[in-house]
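A short write-up of the structure that comes next.
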Amino acid sequence: MTIKKTGNVDTASNLLKSHNITLNAASLHMLMEKAGFIEDAEYLSASGSGEIKKCKVLTNTGLKYGINE
């Protein structure tokens, strides 16, 4: 799937701070995961070590509100 960036993109931490929300990004991510907006994903390390790394990505539902970078 190709997603075209439109508008400004910022981190969850910066957006929370700019809107004076006293929640940290880790807490937001836990809430988003429970609501089905983000999920765990795995990817191969870019270092060439063959190591599998984990990260959080937006689900199809979550992509209505942001982008995966």
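Worth a mention:
- Here the condition is being under 9 Å from the mean Cα position of the chain (by Cα) and either of a type outside the set (A, V, I, L, M) or exposed (fewer than 12 other Cβ atoms within 10 Å of the Cβ) (or both); of ASN24, ASN68, ASN60, it holds for ASN68 alone.
Quick grid of which residues meet (1) modelled with pLDDT under 95; (2) part of a loop (DSSP other than H, G, I, E, B):
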| site | (1), (2) |
| --- | --- |
| ILE3 | yes, yes |
| THR6 | yes, yes |
| ASP10 | yes, yes |
| SER13 | yes, no |
| LEU16 | yes, no |
| ALA26 | yes, no |
| GLU33 | no, no |
| TYR43 | yes, no |
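- Taking region 37-50 as the range and being over 12 Å from the mean Cα position of the chain (by Cα) and surrounded by 10 or more Cβ atoms within 10 Å (Cβ to Cβ) as the test, the residues that pass are TYR43, LEU44, SER45.
- The set of residues in region 43-67 being among the basic types (Lys, Arg) and in contact (Cβ under 8 Å) with a residue 24 or more places away in the chain consists of LYS56 alone.
The values are calculated or read from the model by the stated rules, or taken from the named source; none is laboratory data. Bear in mind the structure is a predicted one, so any value in this text is a computation, not a measurement. Reconstructed Cβ throughout: ideal geometry from the backbone, glycine too, with neighbour counts over all protein chains shown.
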